[in-house]
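Engineer: I'd like to ask some things about the structure below.
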Amino acid sequence: MLRWTSFALVLFSCYFAIAEEPAVDEVLSRIERKILKEPEYSTKPKYCLLALRTDASVLVWIVEDGKRLFLDRNANGDLTDDGPAIEPSEVRDLGKDPQGRERWDFNYQWPEIVSSDAARHKGFDMARWNYGEGDQYNISLMVDGQIPMYAGWFGTIWSDRPETAPIVHFGGPLTPKKLRGQEFELGGPKNRLSIHFRKLGLGDGATSRLNYEALPLSVIPKVNIEWPVAEGSAPLKTSHLLTERCCYWEYYTNDFQIPSGVVEGKAKMEVDLPLGALPYELTTTVIEVPVVAKKSEGE
């Protein structure tokens, strides 16, 4: 069950706010967003397309009709040959919040999606919840039964037409990104340094993220940072082992502090992993992070 209480969800959204870089994925942009055959719906449907594997060769439509979900369980583009729609499970009525708004959550779950090549993509789970601030969603799936990935939480994964449906890519190549703030602030105490690995999709909210369980516990990501220094000063580099894991996709250490001698500018974070440790290739191993002056109270 991949949900939080309302308070925890607000904290998560603040900590993990990410400035999505604009990008056009040529593989995803060539996909024809078309459903071959649809069932009769009882409400106005909402559409999302999942593209699985590095080459996005397995396409799986999900369509929500009210509070039931049609899942293309055989990935053939026909939503009428998959059996009945998935009904909510793990339903919880959480009562009203202090403002009198209803709070509830549930999951749509299916054990596996079997594509035409007989590959089994296991553990489809879509959580839907409303803690008084509108409906939100997340999706988890084990690609090829082995690679755990997530999507959702941020933005919308739905469109009211197949032709404009967001495409969520559960596959690579992945890009490492810094979490919990997109800057280094000079003069601060020890804090948290963390990264994750993500794949941009097409559409708002269509980013997927690699679950930290995809990396064996014996493999500890290392981040090497080249810091900006005053002109004429010796180069300054530090290394940090991200020994902790949290929150589905975060690798981190709490024992991080900007060293003395660093000035405003750009720091270069290089992610260091053994060759082949990740299930997908990385688009880059370098993350550029602005280094800024300490903000005054209230900024």
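The values are calculated or read from the model by the stated rules, or taken from the named source; none is laboratory data. Since we're looking at a predicted model, the values are computed, not measured. When we count neighbours, we look across all protein chains shown, and the Cβ atoms used for this are built from the backbone with ideal geometry, even at glycine.
Engineer: Considering only residues that are part of a loop (DSSP other than H, G, I, E, B) and under 24 Å from residue 132 (Cβ atoms), which ones fall in the range 88-115?
Structural biologist: 88, 97, 98, 99, 100, 101
Engineer: Scan the range 57-68 for residues that are surrounded by fewer than 22 Cβ atoms within 10 Å (Cβ to Cβ) and under 16 Å from residue 106 (Cβ atoms) and jot them down.
Structural biologist: 65, 66, 67, 68
Engineer: Still on this structure: Could you run through the range 128-143 and say how many residues are within 14 Å of the chain's Cα centre (by Cα) and among the hydroxyl-bearing types (Ser, Thr, Tyr)?
Structural biologist: Residues meeting the conditions: 2.
Engineer: Sticking with this one: Could you check, for the range 10-28, whether at least one of its residues is farther than 25 Å from residue 96 by Cβ, at pLDDT 90 or above and within 22 Å of the chain's Cα centre (by Cα)?
Structural biologist: Yes, there is a match, as at least one residue in the range 10-28 is farther than 25 Å from residue 96 by Cβ, at pLDDT 90 or above and within 22 Å of the chain's Cα centre (by Cα).
Engineer: Against the definition (of a type outside the set (A, V, I, L, M) and touching a residue at least 60 places away in the same chain (Cβ under 8 Å)), how does residue 212 come out, yes or no?
Structural biologist: Against the criterion (of a type outside the set (A, V, I, L, M) and touching a residue at least 60 places away in the same chain (Cβ under 8 Å)), residue 212 does not qualify.
Engineer: How many residues, within the range 261-299, are more than 29 Å from residue 214 (Cα to Cα), exposed (fewer than 12 other Cβ atoms within 10 Å of the Cβ) and modelled with pLDDT of 95 or more?
Structural biologist: Count: 1.
Engineer: Something else: Quick check: is even one residue across the range 215-236 in contact (Cβ under 8 Å) with a residue 24 or more places away in the chain and closer than 21 Å to residue 157 by Cβ?
Structural biologist: Checked against the condition, which is being in contact (Cβ under 8 Å) with a residue 24 or more places away in the chain and closer than 21 Å to residue 157 by Cβ, the range 215-236 yields no hits at all.
Engineer: I'm told residue 180 meets every condition in (1) outside any loop (DSSP other than H, G, I, E, B); (2) in contact with a helix residue (DSSP H, G or I) (Cβ under 6 Å, 6 or more places away or on another chain) except one. Can you identify the failing condition by its number?
Structural biologist: Failing condition for residue 180: (1).
Engineer: Residues in the range 33-56: is at least one at pLDDT below 95, exposed (fewer than 15 other Cβ atoms within 10 Å of the Cβ), in contact with a Gly (Cβ under 6 Å, 6 or more places away or on another chain) and not aliphatic (A, V, I, L, M)?
Structural biologist: Looking through the range 33-56, none of the residues is at pLDDT below 95, exposed (fewer than 15 other Cβ atoms within 10 Å of the Cβ), in contact with a Gly (Cβ under 6 Å, 6 or more places away or on another chain) and not aliphatic (A, V, I, L, M).
Engineer: Please enumerate the residues belonging to the range 243-259 that are over 16 Å from residue 226 (Cβ atoms) and free of Cβ contacts under 8 Å to residues at least 60 places away in the same chain.
Structural biologist: 243, 244, 245, 246, 251
Engineer: Would you mind stating whether residue 294 is of a type in the set (Lys, Arg) and touching a His at 6+ places or on another chain (Cβ under 8 Å)?
Structural biologist: Details: of a type in the set (Lys, Arg): yes; touching a His at 6+ places or on another chain (Cβ under 8 Å): no.
Here the answer is no, as residue 294 does not meet what is asked.
Engineer: Moving on to the next point. Can you work out which of the residues in the range 157-192 that are among the aliphatic types (A, V, I, L, M) and over 30 Å from residue 33 (Cα atoms) is nearest to the chain's Cα centre (by Cα)?
Structural biologist: 179
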